[in-house]
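To start, the structure itself, in structure tokens.
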Amino acid sequence: MKALVSLVLVSLLVGCVAPPVRNIQDGYFFSSRSPSLKFKVPSNWKLNKTDSQSGYEDYTKGGESGGHLGTNITREYFQFIENTTNSNQANKVIEIVFSRLEGQYGYFPANFTNTNYLAQKKEVLVDGNRYNTAYGFGRTNTNTYGPKNCYIKKMFRRAVGNKKNSIHIAVYKVGISCQLDVKNNYNKIISQYESELNAVVNNIILKPSV
């Protein structure tokens, strides 16, 4: 009889557990799945795009294709547009990507391998975790900013737990002059925007709950 009662109680508890979600609730971005995340979405951020994909994907190692080797991957993607104060003009673009590997990769990249990504390093952020970070530069596909339609982006990435889960955050500062000599001055450009890009991640996305 006790066993039957226990089974009923467990069934009721399981039935009451809310399914894992990733969405915006009451002005907060909320992820109940690993990696869990919760932050207050600023009033000047607009959720611009979401996407969820699942399927088999080959992987590469050392720049070479893994052939028929690969794994099933589930990705959830969220993109926010941050407007400048009292304006509809975009100031930053924020992307958050959660990935789940249904099988292990042959490796998990310790860093970014694209040579267009500069100043690669590891940084401990406000949540106490170590992230692989890197910078990239590019041109937007719009002429909204005229000669200032380029951007600098900083990427933050870390594996979670047994490395089957990962989180990737990218913050783009748009409206950068395309006339800048990035190749020879990227350290100077990075130093100009580094604190602003880090603040988005440390002070908003990863800020510990109080």
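The numbers here are math on the coordinates, done by the rules we state, and not lab data. Since the structure is predicted, the reported quantities are computational estimates derived from the model, not experimental observations. Using ideal geometry, Cβ is built from the backbone for each residue, glycine included, and neighbour counts are taken over all protein chains shown.
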Which order do peptides 118-130, 191-203 fall in by mean Cβ count within 10 Å, highest first?
-> 191-203, 118-130
Cα-Cα over 24 Å, subset of K49/K188; K40/K122; K38/K188; K122/K153 = K49/K188; K40/K122; K38/K188
